[in-house]
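Since the structure comes first, as structure tokens, the remarks are kept for the end.
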Amino acid sequence: MRLPRWFGVTLSCALVVGALTGCPDDTVDAVPIGLTGSEGRSRYVVTMDVPAIDLSEYRALQKDQPDAVGAYVERKRGETAAMQSSLDVVVRGVGGRVVGRWWMTGQATIEIAPAGLATVRAAPGVKAIEPDRALQ
């Protein structure tokens, strides 16, 4: 029996979409892969359990003292790095590296092998870890 040409095209599209988005039957234990990082690692965004950042001082500086914003941001970046120091140790311990920090959200972008996810997830102060995704 010969199938119409549109059937093959439709089936091909369905297979590609399924491969890109995953299937609803994927198990909870499936390891999501983030953006490709360096040396075969994958990128993940780690959200730390930190107090909410009060941005009122930052906004006031932007408005009234724009020359002081740079120093303020550097101070906040240092505070974020200090709060995330235990994360750095754990990430290095699984052969990964921290590639970015987001002081306003208490997040960090890391590169690790997927096998290290459980170790990072169990690190002190880690609230969530999810694959890094390209913004569209």
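The values are calculated or read from the model by the stated rules, or taken from the named source; none is laboratory data. None of these values were measured; they are calculated from a predicted model. With ideal geometry, Cβ positions are generated from the backbone for all residues, glycine too; neighbour counts draw on all protein chains shown.
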Original post:
Given the conditions (1) in contact with a Gly (Cβ under 7 Å, 6 or more places away or on another chain); (2) in a loop (DSSP other than H, G, I, E, B); (3) among the polar types (S, T, N, Q), and given that THR109 satisfies all but one, which numbered condition is not satisfied?
Top reply: (2)
**OP:** Could you tell me which numbered condition TYR44 fails, if it satisfies all but one of (1) surrounded by 13 or more Cβ atoms within 10 Å (Cβ to Cβ); (2) assigned to a helix (DSSP H, G or I)?
**Re:** (2)
**OP:** Mind listing whichever residues of region 104-114 are surrounded by fewer than 20 Cβ atoms within 10 Å (Cβ to Cβ) and either on the phi > 0 side of the Ramachandran plot or over 10 Å from the mean Cα position of the chain (by Cα) (or both)?
**Re:** MET104, THR105, ALA113, PRO114
Original post:
When residues of region 79-103 are filtered for being more than 25 Å from LEU55 (Cα to Cα), among the aliphatic types (A, V, I, L, M) and surrounded by fewer than 15 Cβ atoms within 10 Å (Cβ to Cβ), how many remain?
Top reply: 1
Original post:
Among the helices (runs of 4 or more DSSP H) contained in region 55-102, which hold 1 or more residues that are out of contact with any helix residue (DSSP H, G or I) (no Cβ under 9 Å at 6 or more places or on another chain) and over 27 Å from VAL126 (Cβ atoms)?
Top reply: 56-64, 69-83
**OP:** Count, please, the residues in region 124-134 that happen to be closer than 11 Å to ASP49 by Cα and surrounded by 14 or more Cβ atoms within 10 Å (Cβ to Cβ).
**Re:** 2
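This table checks each residue for (1) in contact with a Leu (Cβ under 6 Å, 6 or more places away or on another chain); (2) without any contact (Cβ under 8 Å) to a residue 40 or more places away in the chain; (3) not charged (D, E, K, R).
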| residue | (1), (2), (3) |
| --- | --- |
| ARG59 | no, yes, no |
| TYR72 | yes, yes, yes |
| ALA81 | no, yes, yes |
| SER85 | no, yes, yes |
| VAL98 | no, yes, yes |
| TRP102 | no, yes, yes |
| ILE110 | no, no, yes |
| LYS127 | no, no, no |
| PRO131 | no, no, yes |
Original post:
Taking region 42-56 as the region of interest, how many residues are within 14 Å of TRP103 (Cα to Cα), touching a residue at least 12 places away in the same chain (Cβ under 8 Å) and of a type in the set (D, E, K, R)?
Top reply: 1
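Residue-wise test of (1) out of contact with any strand residue (DSSP E or B) (no Cβ under 8 Å at 6 or more places or on another chain); (2) modelled with pLDDT under 90; (3) within 23 Å of ALA128 (Cβ to Cβ).
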site: VAL17; (1), (2), (3): yes, yes, no
site: GLY22; (1), (2), (3): yes, yes, yes
site: THR27; (1), (2), (3): yes, yes, yes
site: THR36; (1), (2), (3): no, yes, yes
site: ARG41; (1), (2), (3): no, yes, yes
site: TYR44; (1), (2), (3): no, no, yes
site: ASP49; (1), (2), (3): no, yes, yes
site: SER56; (1), (2), (3): yes, no, no
site: ASP67; (1), (2), (3): yes, no, no
